[in-house]
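Just so it is clear, none of the values below were taken in a lab; they were calculated from the coordinates. The structure presented is a predicted model; accordingly, all values stated were derived computationally and were not measured. Every residue, glycine among them, receives a Cβ derived from its backbone with ideal geometry; neighbour counts consider all protein chains shown.
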Amino acid sequence: MFRVPNNLAGITQNGGILLSEALANANQVMKDMRKPCLRTIDRLLLEIGQRFGPQARRGDEDFQVLYELSARIIDVSAPVADLQIDRAAFSLCELVDRCAAQSSWDWPSIDVHLDALQLLRHAGAQLGGAERKKIFDGLDRVTERLPAAGAAPDGA
Amino acid sequence: MFEPPKIKTPVRINLERLTVMLIDDNPQALDILAQVVAGFGVRQIIKCENAEMAMQVVRKHPLDFVITDDQMAGTDGCQFVEWLRREAGPPNAFIPVIIVTGHSRLGQVKRARDCGAHFLVAKPITPKVLLDRIFWISKDEREFIETATYAGPDRRFKREGPPPGTKGRRAEDRGTVVGEATTPNLSQDQINDMLKPSKVTI
């Protein structure tokens, strides 16, 4: 064991900007990025619906494709964190993982998640706490019907 | 999930002189992170869209801090950090690294803990959470460890000694048996003096 220099050690000692200013700047970034991120989320939801929705010809789709599309929603959700669409996308990733572990799709559970994503996208800001809880409890219930995917071995 | 100890939030923060590298294969996510970090006052920001690009930067530029996505095509964030700790050489080998991740399987969380990163933070990242982690790292006094199986900051955040009933594996671990006293007990006045608050001028 040995000590290494910490280049961040002096960041609170001299000069700089007020903490409130730093956070205000960063929160302004979030506001400015809101519309572009919503556009991206809309494109992702459209693609997910077209490829994996009830109207699509669903059969032997690649689990990894839906997983990655859902993960990309999480990637750009910071500016729209109030909608909590990232939480539904996270749940969808988990569900897809569990489906992949079993090598079979659970389309009704996928459809529940797609509906939740659309609801949160378009009405998320108006939903109250109780309504949100119902949505997320519902997503948890359908996801938990499948056994969890095995964890990757340590070091893998 | 581990929550770092609460620290007293300072009033001012100076990140102007830091060089920060950000790695994410999602261009929009990379852009969001860069703008947030710039909002904190960082002036030198290097954006990399993959780990291979980041490795080239590490070979050429001294850095102060890295934030990397974990799930990327090709070399992922954990693999990058393992390379950084083993292959980059000082001083970049020791710089703080935060890994950010969306959905994480349990195995990935363990990998992130064991790859040598300082923190794993869940997406979406809020400015306040990121700033809190930066403050925490600025106060981090953990030593670095290099062994055959691990290179990075000491993964122990607490020093509570070995589990009860076991011998410690580290040279500085103390035994579990306290033994008989070898010096006189402290008087009550001596104890009171140790606990008396004293004025500190900042």
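General observations
- A:Asp62 paired with B:Gln79, simple spin-label distance in nm, labels 7 Å along Cα-to-beta-carbon: 1.7
- Within chain A, helix-based [θ] at 222 nm, where runs of 4 or more DSSP H residues each add -39,500 (n - 2.57), nearest 500: -21500 deg cm²/dmol
- Cα→Cβ-extended label distance, 7 Å offset, between B:Val178 and A:Arg3, nm: 3.0
- When each of the peptides B:183-193, B:46-56 is scored by the mean number of other C-beta atoms lying within 10 Å of its residues, the order from highest to lowest reads B:46-56, B:183-193.
- Of A:Lys35/B:Lys128; A:Lys134/B:Lys110; B:Lys110/B:Lys139, those spanning more than 27 Å from alpha-carbon to alpha-carbon: A:Lys134/B:Lys110
- The distance from the alpha carbon centre of segment B:82-141 to that of segment A:1-48 is 15 Å, rounded to a whole number.
- Set of segment A:1-17 residues, backbone N closer than 18 Å to the point 7 Å along the Cα-Cβ line of B:Thr147: A:1-3
- Additional length obtainable on full extension of the chain from B:Leu186 to B:Arg155, 0.36 nm per residue less Cα span: 7.6 nm
- Amide H contacts under 5 Å for B:Val121, placed H, 5+ residues apart: B:Ile99, B:Val100, B:Thr101
- Net charge, B:Leu15 excluded, C-beta distance under 11 Å - Lys, Arg +1, Asp, Glu -1: +1
- Extent of the protein assembly as shown along its three principal axes (Cα atoms, max minus min coordinate, largest first): 81, 50, 46 Å.
- Environment charge of B:Ala88, counting only residues whose C-beta is closer than 12 Å and scoring Lys/Arg +1, Asp/Glu -1: +2
- P(r) for chain A, from all Cα pairs and a bin width of 5 Å, is 1, 8, 15, 16, 15, 12, 9, 8, 7, 5, 3, 1, 0 %, short bins first.
- Cα gyration tensor shape for segment B:17-112, rounded if a/c is under 1.5, else prolate or oblate: oblate
- Of all complete DSSP H helices in chain A, those with a Cα span along the helix axis of 15 Å or greater and a mean Kyte-Doolittle hydropathy of 0.5 or more are A:63-75.
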